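Enquirer: Take this structure, written in structure tokens, and hold onto it; I'll ask about it next.
Read-outs throughout are calculated quantities, based only on the coordinates presented, and are distinct from any laboratory measurement. Since the model is a prediction, treat every value here as computed from it, not as a measurement. Ideal geometry is used to build each Cβ from the backbone, glycine not excepted, and the neighbour counts take in all protein chains shown.
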Amino acid sequence: MEPVKGDGSHKEMNQDPAKLSLSNFIAGESRDPLEAPPTFTRWMQAGAWAVELYEPELLASADARTTIDYNGRPRSVINLCSYNYLGLANHPEVVAAAHGALKTHGLGACGSPMLSGMTDLHRELEQRVAEFLGREDAMLFNSGFGGALGTISGLLRKNDVAVLDNRSHLSLRDGAVLSRCRTEKFEHNDPASLDAALRRHAGRRQLVIVEGIYSMDGDFGHLDELIDVADAHGARIFVDEAHSMLACGEKGRGAAEKFGVEDRVPLIYGTFSKAFGALGGFVAGSKETLRYLRFYAHPYVYSCALPPVVVAGILKALEIGRREPELRTRLWENANYFHQKLRELGIDTGKSTTYIMPIVIGDRERMYRLCHELRRRGLWVAPVDYPAVPQNKICFRACVTAKHTRADLDEALNILGDTLKGDSKVKSAAFRLRCKMSELALRMSS
Ligand SMILES: Cc1ncc(COP(=O)(O)O)c(C=O)c1O
């Protein structure tokens, strides 16, 4: 296939693959939109050893210790990769509830909630979520991503402004893009920057979009200060509690509960894929707003409802999360312990103050090499590369859960300490040589 004339994207062909990132391959290179850009394919081949860290195969449940496939063989690992914060994904009562629903309701919902996918279990979950959060109503989405995207795009219009923290999740940004509204960004957690952003669009309807806990940095949104600024401008606020719901706040009602601002947040959004250990998203708020949203959120109207099996599991997870606050206590004790020990090891966790901890490496090659070494030694962490984070914040991310024992955490710390200490410049040079050689081999073969 001939390249598209004047496209200019072929400059990537001659660049050092180690200097490229996913942001380099978004221009089409040929006349066939179904063909992957050839430079991307070559880049992937050159970095195959790093790419193989993605989409790892889990051979068991997302428990604190689990088994993954590593290099074609089962590998027992301490799991610092999972959002199963309270251990509910594999809780026996949750599993039993899902089994029960499988018998009564079958596997799938087989239709949009609007037409045929709504069941008595879905309705019960809506009511339970609304009651849990002290709201008039709640609606469910079949994914957290779809919930955020659908809520933002379902409520904002062309002349509105979405004012997003610059560390916002892509589902929120994509929601704003889909709504075709104007978007503004403000510096992460910075009230002065938010103030300036709101001033630029005075007179328009504005929605300030923030998160309870940021998924990459593991820090809290500064909700009270940011809400003060939004209020001063007559702007509304939307809080994404994906990572904080059920895991944070005395009763589990998220960061808004923890910071005492629940009554200042009219619409609250969360996911069931993190502390609930399941799948899906929800938004809770006033009956009138949600009745409108039910008809305008495309991922709600035009996509199949959550499987009833999953809904039954979530109902049980919510019940346990409310009944057993000690799960949250354990989660936070584990998080604080792990933070303290990482600090003692001199490991940089950026701004994190929660159970999500980026272990900042700031160098792509080194990060991938360390990730491999950690898996070899039985510690499973997730690679986080640019453009998901800025280049100097390239890291691997560790999440602790309530299910980790002190022995799990201590072993993880030993592996981390040893691996980071043993990672010498000599290894780094050997690695670079290996990269250069595979790059050369590729050039010669093309
Ligand atoms: C902040 C935030 N919002 C929304 C989502 C989307 O949620 P889900 O994975 O349930 O689709 C995520 C996913 O990790 C997230 O981190």
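Enquirer: Return the residue satisfying two criteria in turn: it lies in segment 229-243 and is more than 16 Å from the ligand (Cβ to nearest atom) and in contact with a Pro (Cβ under 8 Å, 6 or more places away or on another chain), and of such residues it is farthest from Ala176 (Cα to Cα). Break it down into steps so the answer makes sense when it comes.
Expert: Here is the first cut: in segment 229-243, the ones more than 16 Å from the ligand (Cβ to nearest atom) are 229-236.
Applying the additional criterion that residues be in contact with a Pro (Cβ under 8 Å, 6 or more places away or on another chain) yields 229, 236.
Working: Val229: 21, Arg236: 15 Å.
So, considering only residues that are more than 16 Å from the ligand (Cβ to nearest atom) and in contact with a Pro (Cβ under 8 Å, 6 or more places away or on another chain), the one farthest from Ala176 (Cα to Cα) is Val229.
Enquirer: Just give me the residues in segment 49-60 being without any contact (Cβ under 8 Å) to a residue 24 or more places away in the chain and out of contact with any Pro (no Cβ under 7 Å at 6 or more places or on another chain), in sequence order.
Expert: Hits for segment 49-60 are Val51, Glu52, Glu55, Glu57, Leu58, Ala60.
Enquirer: In addition: I'd like to know if segment 188-211 contains one or more residues that are of a type in the set (Lys, Arg) and buried (at least 19 other Cβ atoms within 10 Å of the Cβ).
Expert: No, every residue in segment 188-211 fails to be of a type in the set (Lys, Arg) and buried (at least 19 other Cβ atoms within 10 Å of the Cβ).
Table: residues versus (1) more than 16 Å from the ligand (Cβ to nearest atom); (2) crowded, with 21+ Cβ neighbours inside 10 Å.
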| site | (1), (2) |
| --- | --- |
| Met114 | yes, no |
| Gly117 | yes, no |
| Leu156 | yes, yes |
| Asn166 | no, no |
| Ala176 | no, yes |
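Enquirer: Same structure again: Considering segment 298-342 alone, what residues qualify as being surrounded by fewer than 22 Cβ atoms within 10 Å (Cβ to Cβ) and in a loop (DSSP other than H, G, I, E, B)?
Expert: Matches in segment 298-342: Tyr302, Ser303, Cys304, Glu324, Pro325.
Enquirer: Can you find even one residue in segment 213-228 that is over 24 Å from Val384 (Cβ atoms), of a type in the set (Phe, Trp, Tyr) and within 14 Å of the ligand (Cβ to nearest atom)?
Expert: No; the residues of segment 213-228 include none that is over 24 Å from Val384 (Cβ atoms), of a type in the set (Phe, Trp, Tyr) and within 14 Å of the ligand (Cβ to nearest atom).
Enquirer: Now for a different question. Could you check segment 307-347 and list, in sequence order, the residues that are more than 16 Å from Ala275 (Cβ to Cβ) and in contact (Cβ under 8 Å) with a residue 12 or more places away in the chain?
Expert: Scanning segment 307-347 gives Pro307, Pro308, Val309, Val311, Ala312, Tyr337, Phe338, His339, Lys341, Leu342, Leu345, Ile347.
Enquirer: Which pairs do you get when a residue that is over 16 Å from Gly252 (Cβ atoms), found in segment 264-276, comes within reach of a residue that is part of a strand (DSSP E or B) and away from the ligand (no atom under 14 Å from the Cβ), reach meaning Cβ atoms under 9 angstrom, with the pair 6+ apart or on two chains?
Expert: Note: pairs meeting the criteria are Arg264/Ile237; Pro266/Arg236; Pro266/Ile237; Pro266/Gly285; Leu267/Arg236; Leu267/Ile237; Leu267/Ala284; Leu267/Gly285.
Enquirer: Follow-up. What number of residues in segment 257-316 are over 23 Å from the mean Cα position of the chain (by Cα), of a type in the set (A, V, I, L, M) and closer than 16 Å to Arg128 by Cβ?
Expert: Going through segment 257-316 one residue at a time, the tally reaches 2.
Enquirer: Looking at segment 25-53 only, could you name the residues that are of a type in the set (A, V, I, L, M, F, W, C) and part of a helix (DSSP H, G or I)?
Expert: Matches in segment 25-53: Phe40, Trp43, Met44, Ala46, Ala48, Trp49, Ala50, Val51.
Enquirer: Has segment 187-198 got at least one residue that is within 16 Å of the ligand (Cβ to nearest atom) and either touching a Ser or Thr at 6+ places or on another chain (Cβ under 7 Å) or not β-branched (Val, Ile, Thr) (or both)? Talk me through it step by step, then tell me what you get.
Expert: Residues of segment 187-198 that are within 16 Å of the ligand (Cβ to nearest atom), as a first pass: 188-189.
If we keep only those that are either touching a Ser or Thr at 6+ places or on another chain (Cβ under 7 Å) or not β-branched (Val, Ile, Thr) (or both) too, we end up with 188-189.
Yes, the conditions are met somewhere in segment 187-198.
Enquirer: I'm checking my understanding of the structure. Among residues of segment 387-413 that are within 15 Å of the chain's Cα centre (by Cα), in a loop (DSSP other than H, G, I, E, B) and not β-branched (Val, Ile, Thr), which one is surrounded by the fewest Cβ atoms within 10 Å (Cβ to Cβ)?
Expert: Filtering segment 387-413 for residues that are within 15 Å of the chain's Cα centre (by Cα), in a loop (DSSP other than H, G, I, E, B) and not β-branched (Val, Ile, Thr), the one surrounded by the fewest Cβ atoms within 10 Å (Cβ to Cβ) comes out as Pro387.
Enquirer: If I ask for residues that are part of a strand (DSSP E or B) and within 11 Å of the ligand (Cβ to nearest atom), which ones from segment 275-297 would you list? So that I can check it myself, show each step before the final result.
Expert: Filtering segment 275-297 for residues part of a strand (DSSP E or B) gives 281-285.
Of everything in segment 275-297, those that are part of a strand (DSSP E or B) and within 11 Å of the ligand (Cβ to nearest atom) turn out to be Gly281, Phe282.
Enquirer: Restricting attention to segment 242-257, and to residues there that are in contact with a Cys (Cβ under 8 Å, 6 or more places away or on another chain) and touching a residue at least 24 places away in the same chain (Cβ under 8 Å), which single residue is nearest to Ala317 (Cα to Cα)?
Expert: Just the residues of segment 242-257 that are in contact with a Cys (Cβ under 8 Å, 6 or more places away or on another chain), to begin with: 254-255, 257.
In the following step, the residues that additionally are touching a residue at least 24 places away in the same chain (Cβ under 8 Å) were identified as 254-255.
Values: Gly254: 15, Ala255: 19 Å.
This residue is Gly254.
Enquirer: Shifting gears a bit: Which members of segment 337-357 meet the condition of being closer than 17 Å to Asn414 by Cα and of a type outside the set (Phe, Trp, Tyr)? Walk me through it before giving the result.
Expert: Let us first name the residues in segment 337-357 that are closer than 17 Å to Asn414 by Cα, namely 337-349, 357.
The answer is His339, Gln340, Lys341, Leu342, Arg343, Glu344, Leu345, Gly346, Ile347, Asp348, Thr349, Met357.
Enquirer: Hey, among Val360, Val389, Val384, which residue is under 24 Å from His222 (Cα atoms) and in contact with a Phe, Trp or Tyr (Cβ under 8 Å, 6 or more places away or on another chain)?
Expert: Just one listed residue meets the conditions, Val384.
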